[in-house]
Structures are given as C-alpha cells and as structure tokens.
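See structure below.
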Amino acid sequence: MATERIKMILEIHLASTLPLYKVLNSITDEQLNWKPASESRSIKEITLHLIRVDNYFLKRLGREIEVKVNNNLSFPELLNELKKIHQQIVKTVSNCKNDAELFNQSAIADSTNSDTINNHILHSSQHNLYHLSQMIYLRRALDRQWESPVKEWDKATRIIADYLAPKRD
C-alpha cells in the first residue's frame, strides 16, 4: 500500500494552511476589515474567499459541504470555519487507502479528468499561498512591527519545490 503521495499532499496542505492562522492570530477588527482601496479585498474577504474556493473543490470531489459561509460571520466563527474546512480536506486525503485513490476521477455528473483529490488539494494549497502573501501585505501595511509568517510561507514553497525537483543520485 503506497502512501508516499498521500503524505506529500498532507505535508503541502499543512504547510500552506498553518501560516494563514498566524496571520489571523491576534488580529484586530481594523486589520481584519481594512482595504487599501475600495475595490481591494480585506483579510476577512480573502479568508471568506479561501473557504468558498475550498468548498468548491470539495463539491467537485463529490463531498458534502460541511462549512457554510456568509459575510456576517464574527471573527471567531470565521476562524472556526476556516479550520473546519481544512480539517475536512485533511480527512478527505487521509481517507484514501493508497496513493492511487488520489487520482480517481470524481463521480459527480460533470466531472473532468482534473477532478481528483490530488489536483484539487494541490490547487487549494497553491491558492492558499497566493492569498497568504496578500494577507501578509495587508497586515504589515497597518502594523510594520508585526512579525509576519514569511518564513513559513518560504518553507511551504520550498516543500513544494522539494517534491517537484528531480531526484539526484
């Protein structure tokens, strides 16, 4: 029973989600809702977007949506929902019996070849890192003393690179 890829997907997912919690740790309402321009997204709006996109990926995988999102969530509710959807993703990957199951095409009616656990969870992880950089920028714009999780972001990108890099003998 091969599980190397399952372990890889879980490691990448974890590395791309933990820094999000660091951005949200001890955040003020002002920092959570601030936008540099009216057409920009706030950290709260980015977080809601991340949850919605993960819901979309899980739905494409035929999973029941456990996290309901609306713009009126309090900060504790928002953070709880973010953690809950990340737990659902971990459960989805962890429930695979072997690496081959990561590549099984979804059973939904309009599924495509890309509707696999492997593809959607890797896409979600990359999506998290993209928006993490935006969240770091927004948080640092209001508080230059805040210690951002840039090292964690860098670690996550290196984990991905390590898996993508050709192995040398």
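The values are calculated or read from the model by the stated rules, or taken from the named source; none is laboratory data. The shown structure was predicted, so the numbers you read here are calculated from the model rather than taken from an experiment. Every residue, glycine as well, gets a Cβ built from its backbone with ideal geometry; the counts of neighbours run over all protein chains shown. Quick note on the areas: whole protein, heavy atoms, side chains included, nothing else; ligands and nucleic acids left out. Shrake-Rupley method; radii C 1.70, N 1.55, O 1.52, S 1.80 Å.
One table, with the values for the structure above:
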| quantity | calculated |
| --- | --- |
| Residues (farther than 23 Å from residue 104 by Cα and open to solvent by 50 Å² or more (accessible area, probe 1.4 Å)) located in the range 53-73 | 68, 70, 71, 72 |
| Pairs where the first residue, in the range 152-163, is open to solvent by less than 40 Å² (accessible area, probe 1.4 Å) and the second is assigned to a helix (DSSP H, G or I) and among the acidic types (Asp, Glu), C-beta under 9 Å, 6+ apart | 159/11 |
| The listed residue being more than 15 Å from the chain's Cα centre (by Cα) and either open to solvent by less than 90 Å² (accessible area, probe 1.4 Å) or of a type outside the set (S, T, N, Q) (or both), out of 130, 137 | 137 |
| Hits in the range 72-125 (condition: without any contact (Cβ under 8 Å) to a residue 24 or more places away in the chain, not in a loop (DSSP other than H, G, I, E, B) and not polar (S, T, N, Q)) | 76, 77, 84, 91, 101, 103 |
| Answer residue from the range 1-29, given it is more than 25 Å from residue 42 (Cβ to Cβ) and among the acidic types (Asp, Glu) and is most open to solvent (accessible area, probe 1.4 Å) among those | 4 |
| Scan of the range 41-62 for residues that are in a loop (DSSP other than H, G, I, E, B) and either without any contact (Cβ under 8 Å) to a residue 24 or more places away in the chain or within 14 Å of the chain's Cα centre (by Cα) (or both), ordered by number | none |
| Check on residue 65, over 17 Å from the mean Cα position of the chain (by Cα), β-branched (Val, Ile, Thr) and in a loop (DSSP other than H, G, I, E, B) | no |
| Some residue of the range 33-40 being acidic (Asp, Glu), out of contact with any helix residue (DSSP H, G or I) (no Cβ under 9 Å at 6 or more places or on another chain) and farther than 27 Å from residue 90 by Cα | yes |
